[in-house]
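Comments concern the structure below.
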């Protein structure tokens, strides 16, 4: 599933070579060899813990990826595993600045709010000491994985950490981060006048940002979600006709839609 998400993300960037510096144009394509099992095991010994499943899957697909970093709103390119380190190793002063400002620590329950209930500035700053840096620092921040917040599947919480926001946009796992950034890439691929971005309620307390064109049939947008059991989308109690476009059905930018399975 993650491979399909990355390939969709890649296809949504027809101008990627123009968006990236010339030195990064070739690595931007999804053609870096993935890590071997031995390389992955060696990295986990160095880091001191087993990596989460979706990150292991990503590394086996491609060992680093520049494609996620051409925008001012994104973290930098994903690092090859040999450069991945705990965030504190290179950014102690950055962490300490947030911890010093953390006069009223956020509870873990509040920290683990996802979707529209989340406020990026309200996060548990002490957890910065439990994060792994998986990207370079870009103009829009850095991508982190937090090993102290994980689910029953062993997935670590994924962060887009940035001063400009400020704070940490948290998602349940790296897969959700890939979905979010893929939607942003898809928005770049279409003319601004035809761009449409909606929030899709996943039904588990999380939201997926879906970016497409107003002239896109709902069925095609559903395919981009990579959720095979979804029949159509709904706005409030009303189901959308999957064969008609969003524009034909009056869906507006910023609308929140639900899933119909």
Scan the range 78-91 and give yes if some residue there is under 21 Å from residue 209 (Cβ atoms) and either under 19 Å from the mean Cα position of the chain (by Cα) or part of a loop (DSSP other than H, G, I, E, B) (or both), otherwise no.
-> yes
Filtering the range 144-166 down to residues that are modelled with pLDDT of 90 or more and over 17 Å from residue 111 (Cα atoms) yields 152, 153, 154
Selection from the range 80-98 of residues under 29 Å from residue 34 (Cα atoms) and modelled with pLDDT of 90 or more yields 80, 81, 82, 83, 84, 85, 86, 87, 88, 89, 91
The number of residues in the range 99-143 that are assigned to a strand (DSSP E or B) and either within 17 Å of residue 65 (Cβ to Cβ) or at pLDDT below 85 (or both) is 7
Residue 251: in contact with a strand residue (DSSP E or B) (Cβ under 6 Å, 6 or more places away or on another chain) and closer than 20 Å to residue 115 by Cβ, yes or no?
-> no
Kindly indicate the residue of the range 179-206 that is modelled with pLDDT of 70 or more and out of contact with any strand residue (DSSP E or B) (no Cβ under 9 Å at 6 or more places or on another chain) and also surrounded by the most Cβ atoms within 10 Å (Cβ to Cβ) among those meeting that condition.
-> 205
Can you tell me which residue among 116, 112 is out of contact with any helix residue (DSSP H, G or I) (no Cβ under 8 Å at 6 or more places or on another chain) and exposed (fewer than 13 other Cβ atoms within 10 Å of the Cβ)?
-> 116
Return the residue satisfying two criteria in turn: it lies in the range 219-234 and is modelled with pLDDT under 90 and in contact with a strand residue (DSSP E or B) (Cβ under 6 Å, 6 or more places away or on another chain), and of such residues it is surrounded by the fewest Cβ atoms within 10 Å (Cβ to Cβ).
-> 231
Pairs only if they're at least six apart or on different chains, beta carbon under 8 angstrom, first in the range 105-119 and at negative phi, second in a helix (DSSP H, G or I) and surrounded by 12 or more Cβ atoms within 10 Å (Cβ to Cβ); list them, first residue then second.
-> 105/125; 105/126; 106/125; 111/127
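The values are calculated or read from the model by the stated rules, or taken from the named source; none is laboratory data. If you're wondering where the values come from, they're calculated on a predicted model, not measured in any experiment. Cβ: placed from backbone, ideal geometry, glycine included. Neighbour counts: every protein chain shown.
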